[in-house]
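The values are calculated or read from the model by the stated rules, or taken from the named source; none is laboratory data. No experiment lies behind these values; they were computed from the predicted model shown. In this analysis, Cβ positions are derived from the backbone assuming ideal geometry, glycine residues included, and neighbour counts consider all displayed protein chains.
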Amino acid sequence: MPEWIGVIGAGSWGTALAYLLGQKGVPVWLWGRDPERIQALQREHVNRRYLPEVVLPDTVTPTADLHALTACEAWVLAVPSGAVRSVLNRLPYGASLCIIAAKGLEPDTGKRMSEVVLETGRWTPEQIAVLSGPNLAVELVRGVPTATVAAAYHLPTAETVQELFMTPTLRVYTNDDVVGVELGGALKNVYAIGAGMSDGLGFGDNTKGALLARGLAEMMRLGAALGACPETFMGLTGVGDLFATAASRLSRNYRLGYAVAQGKTPQQALQELGQVAEGYFTAFVAQRLAHQHGIDTPLLNAIAEILNGARSVSDALQSLMTRPPRGEREFRFVRT
């Protein structure tokens, strides 16, 4: 197990992961880009903006100096997906293991985070892992029973991450479908926005159940076209994360959709959130990828068009409900 860990990103997710590791006695550097907030975190050991109820253990050392991370054997990337490449380009060489905890696609290129990491040339596929699952930061630090997935191309790498993060309240499973795990974590954010819209309009559980089921079908179709195993989306990083994000009012993506359905513009809703809602950016990237691969994603298209102002919520709903009839079953898994 690595002796020093560098958690890159001092938002709610990065702070929660640093807290989890620190509670296990693992020495952690927690990096954030805002020197003033980091100074307050150093004084108080409390992230008042993102997780005010949590006191970080003494094993966690906040820093605004990226060069402090050179002593770390592993880095955990917990910054927004759109910032991963720029942060990596600023990092000094160091850690031999890169653990990706960001859930999104790069806005400009549409690439998964593991692809972005590999393009730096610093790590081989065997040195990269992805941590993803139905893991709301607040619940994780409260010790609510939780499960997640450590995915890697190289099983021993996944097992290292599994051992690193496993606690009595966090169960970690391994998986070798890196593509599927990353896409599940990214795409579910889009449909969580849709779930927030449904609730914001005052619809019931029937509507949300249908939305999530059809959204999952779209995730599987697009994921398969991009090289993922469809079965992965039936696990923790697909349906598990989709349900947790779409059902929780703690979710930023859900709150974005809810606010838009209540009449706010996406820009107003994002400003009020004060944090990044990955699904906003992922919606446009995923829509572009679906078009490039010829994948039918009517729900994804509707959500993206609402977010870019091309459609109203009511118009998008009417369009979805008046589509031509079709069958439901789209995948038949063959057991060998």
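Collect the residues in the stretch 241-255 that are in contact with a Lys or Arg (Cβ under 9 Å, 6 or more places away or on another chain) and assigned to a helix (DSSP H, G or I), keeping them in residue-number order. Of everything in the stretch 241-255, those that are in contact with a Lys or Arg (Cβ under 9 Å, 6 or more places away or on another chain) and assigned to a helix (DSSP H, G or I) turn out to be 241, 242, 243, 244, 245, 246, 247, 253, 255.
Of the set (1) of a type in the set (S, T, N, Q); (2) closer than 20 Å to residue 179 by Cα; (3) in contact with a Ser or Thr (Cβ under 8 Å, 6 or more places away or on another chain), all apply to residue 89 but (2).
The set of residues from the stretch 1-38 being farther than 16 Å from residue 52 by Cβ, touching a residue at least 60 places away in the same chain (Cβ under 8 Å) and not in a strand (DSSP E or B) comprises 1, 2, 3, 4, 9, 17, 20, 21, 23, 24, 26. Which count do you get for residues in the stretch 101-154 that are without any contact (Cβ under 8 Å) to a residue 12 or more places away in the chain and among the aliphatic types (A, V, I, L, M)? The number of residues fulfilling the criteria is 1.
In the stretch 76-92, is there at least one residue being part of a helix (DSSP H, G or I), among the basic types (Lys, Arg) and either out of contact with any Leu (no Cβ under 7 Å at 6 or more places or on another chain) or closer than 19 Å to residue 121 by Cα (or both)? Before you say what the answer is, go through the steps one by one.
Let us first name the residues in the stretch 76-92 that are part of a helix (DSSP H, G or I), namely 81-90.
Retained after the next criterion (residues that are among the basic types (Lys, Arg)): 85, 90.
This time we only want the ones that are either out of contact with any Leu (no Cβ under 7 Å at 6 or more places or on another chain) or closer than 19 Å to residue 121 by Cα (or both), so: 85, 90.
Yes, the stretch 76-92 contains a residue that is part of a helix (DSSP H, G or I), among the basic types (Lys, Arg) and either out of contact with any Leu (no Cβ under 7 Å at 6 or more places or on another chain) or closer than 19 Å to residue 121 by Cα (or both).
For the stretch 297-325, a residue qualifies if it is under 19 Å from residue 186 (Cβ atoms) and outside any helix (DSSP H, G or I), and the qualifying residues are 297, 308.
If you check residue 228 against the conditions, is it of a type in the set (A, V, I, L, M, F, W, C), in a helix (DSSP H, G or I) and not assigned by TED's automatic domain parsing to the domain that holds residue 149? First the steps, then the outcome.
Numbers: of a type in the set (A, V, I, L, M, F, W, C): yes; in a helix (DSSP H, G or I): no; not assigned by TED's automatic domain parsing to the domain that holds residue 149: yes.
No: the conditions fail for residue 228.
Of the residues making up the stretch 142-183, those that are of a type in the set (Val, Ile, Thr) and under 22 Å from residue 224 (Cβ atoms) are 149, 174, 178, 179, 181.
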